[in-house]
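Only one structure is covered here, and it is reproduced in the block below.
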Amino acid sequence: MTDAYHDSPPLTEEQRAVVEQPWDARLLVPAGAGAGKTHTLVRRLDALMSDEEEALEAGEILVLSFSRAAVRELRERIALHARE
């Protein structure tokens, strides 16, 4: 992963476990508001696309969300970290 997250809180053990799952793992991450789901997802996407051995292209990844607000937030955060 990049150091684009220097201004972000470190991942918890649970978050790191999600980020470090194999590329073909299907994950469901139930957590309450403010638990860091979006931050964890951005880090997971970064890890999936930057793994030198098994890097995925953006078109090979599917993320489902139940709210447009969450999708908007996710897009903003990905764009922010892609520039760094």
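The values are calculated or read from the model by the stated rules, or taken from the named source; none is laboratory data. Predicted model only: the values in this text are computed from it and were never measured. Positions of Cβ are generated from backbone atoms using ideal geometry, with glycine treated the same way; all protein chains shown enter the neighbour counts. Just the protein is used for accessible areas: all its heavy atoms, side chains included, with ligands, DNA and RNA removed. Shrake-Rupley method; radii C 1.70, N 1.55, O 1.52, S 1.80 Å.
Observations on the structure shown:
- Farthest toward the positive end of the dipole of the chain, out of His81, Ser65, Met49, is the Cα of Ser65, where the dipole comes from beta carbon charges about the Cα centre.
- Against the criterion of solvent-accessible heavy-atom surface with a 1.4 angstrom probe, Leu41, Leu80, Leu28, Leu48 sort, most first, into Leu28, Leu80, Leu41, Leu48.
- Taken about its Cα centre, the chain carries a charge dipole of roughly 620 debye when the Cβ of each Lys and Arg holds +1 and the Cβ of each Asp and Glu holds -1.
- Per residue solvent-accessible surface (Å²) - the chain, probe of 1.4 Å: 79
- Carbon + sulfur, % of accessible area of the chain - ligands and nucleic acids excluded, 1.4 Å: 53
- Over the C-alpha atoms of the stretch 1-63, the Rg to Rh ratio, Rh being the Kirkwood estimate, stands at 0.94.
- Normalised by the number of residues in the chain, the mean separation of alpha-carbon contacts (under 8 Å, six or more apart) gives a relative contact order of 33 percent.
- For the stretch 47-84 versus the stretch 10-39, the inter-centroid distance based on Cα atoms is 13 Å.
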